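Have a look at the structure below before the remarks.
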């Protein structure tokens, strides 16, 4: 991919858990990258209002059961709130951004210290999540095999990535072509003279993760509804309820909309020019019978300019994954997830050039998923401008799933904490910027689609 893209020792509570635990879990503490003074200061200076410090007695409705909504709902329940999670099609459905089989989990965000720090902590949380729940619910979600990034030279992205990793304390190795060829002879790296290997990175089973988070949420007392939720009645700047179809209105103290690619259609005036939803293309290739060179753990996830991929993973072994750009998106309710034949040319070129031993293998599956690219290229975690008890959470630059364990805690604590931490409000504010186009052709979005940076 080509991304641009300890507080005090007191026992003061932050959203129902002690502040030290919240910040440790969220990746904002000892051993993580030092954030800017303004952000760190905001976190250390602010405490949640007493009325919302902890979720006991608070009813929350979370709309959207993807990576943002599912993890937020789970953390809200763990903080003591009474939570109903509503999804139009149900957790892990094939229309959702998180509905593919796998997602890469890594920290390579050149120049983005906050994202790198949180991604590092997210990897730790994915491991902790598996340690706690895999023995109970069966099978691991996260597989650590490392991530290999290859580029023509060290200048630019790779050098900036190494500098960012050094500040964050991320482990990595700088490799020359000879070392790459020795470790992974099944990969041809001709013309790619610079490489970095992040050993702690890996791949997660995305659909399975969404289903597991939803099941744990249910076991901990949360309620899951399937249906369409729209804004209901309210007054005085507060929303009283959402209307459910099918069903009856659902009231609550707080509402969190984590709609992913449904934001532009659900809030057209607010989101149509602040977000685009390109369609990413993923191909799963077969591997030669009796040949484990293209299976975990013989090969890490990998990235060359404009293309990402990884080996086939257990327990379902969907195939060797190749991600090569995509096309502009449309309405996520009606868009066709079939990938036209002409889009197979590029992944076949990649196999011929980099993995020639797979070129004769069949395409086993294809996946087409909507992603979200916000005008700021960052997440928005902010109140609705009209409703003070309504929160909006989403966006980014096609990155979100890997951060789920950390973002879920952060969003939940902000929702229950009354929206303090003013510097982080600025960091993730919805803002007034607009894309200024309606054809899906903003420069950054077009770059996302054509260069295939979406993971």
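The values are calculated or read from the model by the stated rules, or taken from the named source; none is laboratory data. All values derive from a computational prediction rather than experimental measurement. Note that we place each Cβ from the backbone using ideal geometry, even for glycine, and neighbour counts take in every protein chain shown.
For the list (1) under 29 Å from residue 374 (Cα atoms); (2) touching a helix residue (DSSP H, G or I) at 6+ places or on another chain (Cβ under 7 Å), I need the number of the one condition that residue 221 fails.
(1)
Could you go through region 339-361 and let me know if any residue there is buried (at least 16 other Cβ atoms within 10 Å of the Cβ), on the phi > 0 side of the Ramachandran plot, touching a strand residue (DSSP E or B) at 6+ places or on another chain (Cβ under 9 Å) and outside the structural domain of residue 92 (by TED's automatic domain parsing).
Within region 339-361 (the criterion being buried (at least 16 other Cβ atoms within 10 Å of the Cβ), on the phi > 0 side of the Ramachandran plot, touching a strand residue (DSSP E or B) at 6+ places or on another chain (Cβ under 9 Å) and outside the structural domain of residue 92 (by TED's automatic domain parsing)), the answer is no, since none of the residues qualifies.
Test each condition in (1) on the phi < 0 side of the Ramachandran plot; (2) surrounded by fewer than 14 Cβ atoms within 10 Å (Cβ to Cβ); (3) at pLDDT 95 or above for residue 290 and report the one that comes out false.
(1)
So, residue 244, is that one part of a strand (DSSP E or B) and modelled with pLDDT of 95 or more or not?
Considered against the rule, which asks whether it is part of a strand (DSSP E or B) and modelled with pLDDT of 95 or more, residue 244 comes out as yes.
Which of the residues that make up region 172-182 are over 15 Å from residue 304 (Cβ atoms) and either crowded, with 16+ Cβ neighbours inside 10 Å or in contact with a helix residue (DSSP H, G or I) (Cβ under 8 Å, 6 or more places away or on another chain) (or both)? Before the answer, list the steps.
Taking region 172-182 and keeping what is over 15 Å from residue 304 (Cβ atoms), we get 172-174, 176, 178-179, 182.
Those that are over 15 Å from residue 304 (Cβ atoms) and either crowded, with 16+ Cβ neighbours inside 10 Å or in contact with a helix residue (DSSP H, G or I) (Cβ under 8 Å, 6 or more places away or on another chain) (or both): 172, 174.
Would you say residue 447 is at pLDDT below 95, assigned to a helix (DSSP H, G or I), farther than 25 Å from residue 321 by Cβ and out of contact with any strand residue (DSSP E or B) (no Cβ under 6 Å at 6 or more places or on another chain)?
On the way: at pLDDT below 95: yes; assigned to a helix (DSSP H, G or I): yes; farther than 25 Å from residue 321 by Cβ: no; out of contact with any strand residue (DSSP E or B) (no Cβ under 6 Å at 6 or more places or on another chain): yes.
In short, no.
Kindly indicate whether any position in region 60-81 is farther than 15 Å from residue 260 by Cα and in a strand (DSSP E or B).
For region 60-81, residues farther than 15 Å from residue 260 by Cα and in a strand (DSSP E or B): present.
Restricting attention to region 317-333, which residues are out of contact with any helix residue (DSSP H, G or I) (no Cβ under 9 Å at 6 or more places or on another chain) and either in a loop (DSSP other than H, G, I, E, B) or modelled with pLDDT under 95 (or both)? Break it down stepwise before answering.
Let us first name the residues in region 317-333 that are out of contact with any helix residue (DSSP H, G or I) (no Cβ under 9 Å at 6 or more places or on another chain), namely 317-319, 321, 330.
Once the filter is applied, which keeps residues that are out of contact with any helix residue (DSSP H, G or I) (no Cβ under 9 Å at 6 or more places or on another chain) and either in a loop (DSSP other than H, G, I, E, B) or modelled with pLDDT under 95 (or both), region 317-333 yields 317, 318, 319, 330.
Can you tell me which residue in region 342-378 is farthest from residue 193 (Cα to Cα), limited to those that are in a loop (DSSP other than H, G, I, E, B) and modelled with pLDDT of 95 or more?
Step one: list which residues in region 342-378 are in a loop (DSSP other than H, G, I, E, B), which gives 355, 359-362, 371-372, 375-378.
Next, from what is left, pick out any that are modelled with pLDDT of 95 or more: 355, 359-362.
Working: 355: 17, 359: 24, 360: 27, 361: 28, 362: 30 Å.
Checked region 342-378; the qualifying residue farthest from residue 193 (Cα to Cα) is 362.
Does residue 226 count as outside the structural domain of residue 355 (by TED's automatic domain parsing), surrounded by fewer than 18 Cβ atoms within 10 Å (Cβ to Cβ) and in contact with a strand residue (DSSP E or B) (Cβ under 8 Å, 6 or more places away or on another chain)?
Details: outside the structural domain of residue 355 (by TED's automatic domain parsing): yes; surrounded by fewer than 18 Cβ atoms within 10 Å (Cβ to Cβ): yes; in contact with a strand residue (DSSP E or B) (Cβ under 8 Å, 6 or more places away or on another chain): yes.
Here the answer is yes, as residue 226 does meet what is asked.
Which of the residues that make up region 185-195 are farther than 26 Å from residue 111 by Cβ and surrounded by 19 or more Cβ atoms within 10 Å (Cβ to Cβ)? Walk me through how you get there before you give the answer.
Narrowing region 185-195 to residues farther than 26 Å from residue 111 by Cβ: 185-188, 190.
Within region 185-195, just 187 meets the criteria.
Only one of (1) farther than 22 Å from residue 135 by Cα; (2) part of a loop (DSSP other than H, G, I, E, B) fails for residue 229. Which number is that?
Of the numbered conditions (1) farther than 22 Å from residue 135 by Cα; (2) part of a loop (DSSP other than H, G, I, E, B), the odd one out for residue 229 is (2).
Results for (1) surrounded by 23 or more Cβ atoms within 10 Å (Cβ to Cβ); (2) closer than 13 Å to residue 168 by Cα; (3) out of contact with any strand residue (DSSP E or B) (no Cβ under 8 Å at 6 or more places or on another chain), shown as yes or no for each residue.
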| position | (1), (2), (3) |
| --- | --- |
| 93 | no, no, no |
| 96 | yes, no, no |
| 99 | no, no, no |
| 104 | yes, no, no |
| 109 | yes, yes, yes |
